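So the structure is just underneath, and the comments pick up after that.
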Amino acid sequence: MQWLLDFKLDSLHLVALSLALFNGASHSLPSLHDCVCTQVIQCFAETGQFQKIILYAKKVGYTPDYVFLLRSIMRINPEQGAQFAQMLVADDEPLSDINQVNAIVSSVIWIIRTSSLCLSFTHL
């Protein structure tokens, strides 16, 4: 509950809090905190503000599922996903397992190259 009292809510947080309350997350404040954080991170991801995800998570002390986020971003925009992957492993203490990050990025690159190769065969 202290996070709610200490944290100054901006418009994005108010929208997320409203969504959380609307979705019935008001039964306990810890789960409300997680729900609000999840909603804010989802808003950042949906608007392509991937660099703000890490900054926000550190600011509020929340650890999102970075592997899930990376997979989602890579499906939407592989270039921004690769940048996000670099941010995840850039610190001395990586935010996600380096092997998982590498596997996700490599698989998407493999799919892109394979698709490109298949398309080139269809033009022969």
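Values quoted throughout were computed directly from the atomic coordinates according to the rules given, and no laboratory measurement underlies them. The structure displayed is predicted, hence computed values, not measured ones. Every residue, glycine as well, gets a Cβ built from its backbone with ideal geometry; the counts of neighbours run over all protein chains shown.
Observations on the structure shown:
- Sorted largest first, extent of segment 50-111 alpha carbons per principal axis (Å): 35, 22, 15
- Positive minus negative residues near residue 91 (Lys, Arg vs Asp, Glu; Cβ under 14 Å): -2
- Segment residue 91..residue 106, full-extension length gain: 3.4 nm, with 0.36 nm per residue of separation and the alpha-carbon distance subtracted.
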